[in-house]
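Notes to accompany the following structure.
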Amino acid sequence: MIAARGTVLAAALFSGVVALSLFATFLAARRTRTTGSFYNAGGHISGIVNGIAISAEFSSAASLLGVVALFFSFGGDSMIYFLSTVIGFAFVLFVMAERYRALGKFTMADVLMARFDAPALRIFAAVSTLVVVSLYLIGQLVSGAQLVNLMFGLDYVWSILVVAVLITVFVGMGGMLAITWIQLLKACVFIGGLTFLSIAILALFHFDAGRLLSSAAHAHMLGAAYMRPGAMLPDTGATLSLAAAMMFGIAGLPHILIRLCTVEDARAARTSMVVATLTVGLATICYLAVSLGAVALVAGDPTYTGPGGRPLGSANMIFLYLIDRLGGGVLLGLVSAAIYTTILAVVSGLVITAVSALAHDLIGRGGAAPGGNSPSAGRASARWSSSPSARRSRCRLRSRTSGSS
């Protein structure tokens, strides 16, 4: 239905995004000389840039399509997905960020090994990272394949191969620095696009939030009850369980935590999480506006919905239906290119996380490579060498030496 519209524009924009990403990869490859620069960009990413990249790592196209689809189907209950993630980022900010950077070098396993000298723990952490990343990759690749199939008519298998080849080039040549630049581009496109869509939706309702809410209530299949709890989650226990899983789950995502090792010190890690929390909070507000707009403008339209107000095809198509309703083929082409940019950026971050776990933790067993040590690791060693415990250790060593002589 909407596959033929905006295809030429989407192809042109997608090609431009790929060309710009390849150029960024080429520039980053010239700076990626050591193991440390590949894994964590040498710890030279600024806190603000890293915070924007963290938000880009988390705010994916799959989450956008899924959140809008959930709100369209279940109403206010789905807001638990909006709000819990922001609280989760705040938890990482206040509890984990500085400590993680002070202990970490490249991966999550390095942080654990700094406190527990257990080689089996490194293997367990690496395998856990690979499992989590694999589950994320499946969702991202499926979303990308469906989008390419919708817009370009390309076969599903070939669309997967296109993404795989591009990501291999991005990660293999540019490492973490190239991925950071790609995620920075993605964040600007993603947050800018969401903000523009939110303003456009509010403008249709004369910037009256009450009018938007009442229009959504009138159009939604649940009626006025669409903002009341109970449509998706049966009781308070289920709500609290899901909220806790979403909130504390953020603190265990390896592709988020690995970015805390790309900055110079603990203070920059804290700055990263402040920026990431604010950016994700802005995205959450835009998610709500876009979701309400999707209900108000798409629900009940026979072009996009069938009997009972159910969307035609997959519920994940609701967001694209909204774009088609707002701006037709031109806007659909712009948004499709932007969504594919988010997929490239997120998959790149997931892949380098998996590569780090596989090469550094499983194969290399955490061994230091030339140029691999981070700046803060040297400072931490210097602080320990001047501590009272270190002085006592040196005295005992001198006593043993003099005794043996």
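Every number in this text was worked out from the coordinates using simple rules, so none of it is lab data. On a predicted model such as this, the values are computed, not experimentally measured, just so you know. Reconstructed Cβ throughout: ideal geometry from the backbone, glycine too, with neighbour counts over all protein chains shown.
Think of the chain as having a plus end and a minus end, set by charges on the Cβ of Lys, Arg, Asp and Glu; of 157, 345, 11, 345 sits farthest toward the positive end of this dipole.
The per residue volume of the convex hull around the alpha-carbon atoms of the chain is 151 Å³. Each residue, residue 94 and residue 267, gets one label point 7 Å from its Cα in the Cβ direction; the gap between the two is 2.3 nm. Taking other C-beta atoms within 10 angstrom as a stand-in for reagent exposure, 116, 319, 74 fall in the order 116, 74, 319, fewest first. Remark: the chain carries a charge dipole of roughly 2040 debye about the Cα centre, counting +1 on each Lys and Arg Cβ and -1 on each Asp and Glu Cβ. Projected over all directions and averaged, the alpha-carbon convex hull of the stretch 15-118 occupies 10.0 nm². For the stretch 86-185, the equivalent ellipsoid derived from the alpha-carbon gyration tensor has semi-axes of 33, 17, 15 Å in decreasing order.
Our Cα-only numbers for the stretch 169-229 put the radius of gyration and Dmax at 19.3, 53 Å. Calculated [222 nm] ellipticity per residue, helices only, for the chain: -24500 deg cm²/dmol; basis is -39500 (n - 2.57) per DSSP H run with n ≥ 4, divided by all residues, nearest 500. Among the DSSP helices (H) of the chain, those spanning at least 27 angstrom by Cα along their long axis with an average Kyte-Doolittle hydropathy of 0.5 or more are 7-31, 119-152, 175-204, 266-298, 318-356; this is a geometric and hydropathy rule only. The mean sequence distance of close C-alpha pairs (under 8 Å, at least 6 residues apart), as a share of the length of the chain, puts its relative contact order at 39 percent. Scanning residues 5 or more positions from residue 305 or on other chains, those with amide H under 5 Å from its amide H are 312, with H placed 1.01 Å from N in the peptide plane. Using only the Cα atoms, work out Rg/Rh for the stretch 242-357, with Rh taken as the Kirkwood radius, to two decimals. Dividing the radius of gyration by the Kirkwood radius yields 1.07.
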